[in-house]
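The values are calculated or read from the model by the stated rules, or taken from the named source; none is laboratory data. Bear in mind that the values here come from a model prediction, so they are computed numbers and not experimental data. Positions of Cβ are backbone-derived with ideal geometry, glycine not excepted, and every protein chain shown enters the neighbour counts. Keep in mind that these areas ignore ligands, DNA and RNA; they rest on the heavy atoms of the full protein, side chains included. Shrake-Rupley method; radii C 1.70, N 1.55, O 1.52, S 1.80 Å.
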Amino acid sequence: MNLPRIALLGSQHRKLMDHFGSDPSGHERAAIVLFRKFSVPETELAGSERYVAVDVIPFENNWVTESSATHVAFRLKPLVDIFRRCEEEDLVLGFVHNHPASATSFSSVDDVNESVLLNALKNRNGSKSELIALLWAGEKWHGRLLGGSREDEAPQIQHIAVYGDGITVTGHRGDHSHADGILDRQAAAFGRPFVDVLQSLRVAIVGAGGTGSAVATLLARAGVGELIIIDDDHLESSNLNRVRGSTIRDVGRSKSQVLKEYINGLGLNVSAYSMNSSVDLDPSAIDVLSTCDVVFGCTDDQIGRELMNLALYVYGFAYIDLGLGGRVDADNQGDAILRNHHARISTILPESGECLFCQGVLREDWLRRQQALRDNPDLSEEELDERYLSGGAESAPGVAPFVGAAADYAVANLFELIRRFRRLPGNVREDMYSLDFVNMEVSSREKRSDLSCDFCQRKSFTLMNEHYRLNRPALGKRNELA
Ligand SMILES: [Zn+2]
Ligand SMILES: [Zn+2]
């Protein structure tokens with residue numbers, strides 16, 4: 001089980017860097033960062049919480065009593081309003097400072113400062129209050145978690161992740177043993193820190209069919225520390241041509257359970273968990289997404305995909321979505337032949353890339369059509385076409401090598417987010433591309449840049465203060481968002 005993880009958006013990171021660099025004499029500077037805490041309490045997934053920054057408040061000059069290149073001292077009084085806000089909005093206080101000149105780790109002065117701050121917070125907000133301390137030193141984030149109800153004397157964190165154009169992970173413990181040599185060949189391509197970062201991640205795979213099973217097994221072999229596989233479907237014999245990790249004896253069993261058992265049986269340094277549920281019908285599956293660093297969408301379900309397209313902004317995680325589409329004809333003998341077949345891979349970060357609506361992957365009329373079919377499974381294709389236009393959404397035959405290629409590229413997209421290695425040709429976008437298996441091409445559609453888009457342009461949902469799981473009390477029904 002990974003330890004608690006801390007997340008910042010790229011814009012928050014830059015705001016802090018600007019503040020740290022703004023002292024004309026190069027003194028230490030301090031700021032408050034407020035975090036929303038996401039967890040899945042009382043399950044086997046408890047303990048690996050995720051703290052996502054929602055606000056950055058640089059210290060004002062008159063809060064600071066004295067400072068130098070090696071210390072900063074401040075008054076507590078101006079912070080009381082922030083303590084109150086933490087209580088009212090259920091936020092976790094973060095104290096952030098930099099060491100422009102001194103040690104690249106927390107100092108004994110920091111120990112004292114933070115304990116004074118924590119005590120003041122506990123006096124105001126209660127004895128279970130938590131304090132996150134972040135330090136920028138040596139061009140890296142360092143972090144620790146103080147207070148709370150933990151028994152641990154010196155609670156550690158797993159890492160600090162910054163979600164900008166990619167994912168920059170620092171402060172990870174990096175103490176994973178490489179003695180077994182399993183990841184040596186991967187480290188030969190990307191380096192040891194890359195391997196440690198993957199080990200540090202919690203990744204969800206939504207959909208455990210052809211693409212999802214391939215993605216999950218690739219992630220396990222790549223050394224991702226925690227995998228959570230979410231699917232409410234059961235294995236059928238027609239899945240066996242492409243679902244990895246399954247055998248004929250598994251037919252009828254839960255796909256997510258089968259895949260979890262397969263991955264945990266590999267003997268790798270990975271913990272896999274399964275949820276036999278659907279992200280858009282099960283509130284606890286949404287809770288799980290909120291605690292993940294990265295989510296892979298491997299479903300052909302438009303409603304589930306739409307939910308994840310929203311969740312990536314609200315919870316601030318990286319989202320990689322896969323879909324296969326194509327057209328099958330009959331040849332002269334009446335046998336099926338592929339005329340067109342492609343895999344689309346989308347990579348969306350909270351502050352980078354177009355959302356799935358702008359990418360043309362999601363459409364309101366497709367969502368309405370799928371919802372109508374859910375509400376009334378007896379509707380015929382003709383009736384659906386009449387009311388909701390054509391199906392349109394990606395649907396495809398399931399052919400193992402194409403499904404596998406889509407998964408290979410999607411996992412390589414995660415690698416690219418952590419350590420850039422690609423040189424993209426001009427017609428291929430970072431946030432979405434298609435692999436054409438018939439014409440053997442890689443290409444992207446034109447960017448739409450719909451400036452009125454609430455998801456990726458106006459950012460209406462980014463770190464939104466949801467009151468109840470994406471504001472969807474009636475999960476499974478699309479309802480109006482704030
Ligand atoms: Zn310090
Ligand atoms: Zn958009």
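What number of residues within the range 337-364 satisfy the criterion of being β-branched (Val, Ile, Thr), surrounded by 15 or more Cβ atoms within 10 Å (Cβ to Cβ) and either within 16 Å of ligand 1 (Cβ to nearest atom) or not in a loop (DSSP other than H, G, I, E, B) (or both)?
At the first step, the residues of the range 337-364 found to be β-branched (Val, Ile, Thr) are 337, 345, 347-348, 361.
From what is left, the residues that are surrounded by 15 or more Cβ atoms within 10 Å (Cβ to Cβ) are 345, 347-348, 361.
Applying the additional criterion that residues be either within 16 Å of ligand 1 (Cβ to nearest atom) or not in a loop (DSSP other than H, G, I, E, B) (or both) yields 345, 347-348.
Within the range 337-364, residues that are β-branched (Val, Ile, Thr), surrounded by 15 or more Cβ atoms within 10 Å (Cβ to Cβ) and either within 16 Å of ligand 1 (Cβ to nearest atom) or not in a loop (DSSP other than H, G, I, E, B) (or both) number 3.
Test each condition in (1) surrounded by 14 or more Cβ atoms within 10 Å (Cβ to Cβ); (2) under 19 Å from residue 20 (Cβ atoms); (3) hydroxyl-bearing (Ser, Thr, Tyr) for residue 104 and report the one that comes out false.
(1)
Which of the residues that make up the range 418-437 are open to solvent by less than 60 Å² (accessible area, probe 1.4 Å), hydrophobic (A, V, I, L, M, F, W, C) and assigned to a loop (DSSP other than H, G, I, E, B)? Please lay out each step first, then the result.
Start the filter on the range 418-437 by keeping residues that are open to solvent by less than 60 Å² (accessible area, probe 1.4 Å), which leaves 418, 428-429, 431-437.
Those left that are additionally hydrophobic (A, V, I, L, M, F, W, C): 418, 428, 432, 435, 437.
If the condition is that a residue be open to solvent by less than 60 Å² (accessible area, probe 1.4 Å), hydrophobic (A, V, I, L, M, F, W, C) and assigned to a loop (DSSP other than H, G, I, E, B), then 428, 437 are the ones that fit.
Restricting to the range 223-243, what's the tally of residues that are surrounded by fewer than 21 Cβ atoms within 10 Å (Cβ to Cβ) and under 17 Å from residue 407 (Cα atoms)?
So in the range 223-243, the residues surrounded by fewer than 21 Cβ atoms within 10 Å (Cβ to Cβ) come out as 232-234, 236-242.
Remaining after also requiring under 17 Å from residue 407 (Cα atoms): 239-242.
The total comes to 4.
Tell me, which residue of the range 322-336 that is in a strand (DSSP E or B) and more than 30 Å from residue 411 (Cα to Cα) is most open to solvent (accessible area, probe 1.4 Å)?
First, pick out the residues of the range 322-336 that are in a strand (DSSP E or B): 322-330, 336.
So of that shortlist, the ones also more than 30 Å from residue 411 (Cα to Cα) come out as 329-330, 336.
Values: 329: 58, 330: 63, 336: 85 Å².
Checking each candidate, the answer is 336.
How many residues are in contact with a Ser or Thr (Cβ under 9 Å, 6 or more places away or on another chain), under 18 Å from residue 468 (Cα atoms) and open to solvent by 10 Å² or more (accessible area, probe 1.4 Å) if we restrict to the range 283-312?
Of the residues in that region, 2 qualify.
Within the range 337-347, is even one residue in contact with a strand residue (DSSP E or B) (Cβ under 9 Å, 6 or more places away or on another chain) and within 12 Å of ligand 2 (Cβ to nearest atom)? Spell out the reasoning first.
Step one: list which residues in the range 337-347 are in contact with a strand residue (DSSP E or B) (Cβ under 9 Å, 6 or more places away or on another chain), which gives 337-347.
Now drop any that are not within 12 Å of ligand 2 (Cβ to nearest atom), which leaves 346.
Within the range 337-347 (the criterion being in contact with a strand residue (DSSP E or B) (Cβ under 9 Å, 6 or more places away or on another chain) and within 12 Å of ligand 2 (Cβ to nearest atom)), the answer is yes, since at least one residue qualifies.
When the range 438-460 is examined, which residues are found to be in a loop (DSSP other than H, G, I, E, B) and more than 16 Å from ligand 2 (Cβ to nearest atom)? Break it down stepwise before answering.
From the range 438-460, those in a loop (DSSP other than H, G, I, E, B) are 438-440, 444-460; that's our starting set.
Answer for the range 438-460, where residues must be in a loop (DSSP other than H, G, I, E, B) and more than 16 Å from ligand 2 (Cβ to nearest atom): 438, 439, 440.
Does any residue of the range 65-85 turn out to be loosely packed, with under 13 Cβ neighbours inside 10 Å, more than 21 Å from residue 293 (Cα to Cα), within 32 Å of the chain's Cα centre (by Cα) and at pLDDT 95 or above?
Yes - at least one qualifying residue is present in the range 65-85.
So, of the residues in the range 20-37 that are of a type in the set (Lys, Arg) and either away from ligand 1 (no atom under 15 Å from the Cβ) or within 24 Å of the chain's Cα centre (by Cα) (or both), which turns out to be most open to solvent (accessible area, probe 1.4 Å)? Walk me through how you get there before you give the answer.
Taking the range 20-37 and keeping what is of a type in the set (Lys, Arg), we get 29, 36-37.
Cutting the leftovers down to either away from ligand 1 (no atom under 15 Å from the Cβ) or within 24 Å of the chain's Cα centre (by Cα) (or both) gives us 36-37.
Details: 36: 30, 37: 78 Å².
This residue is 37.
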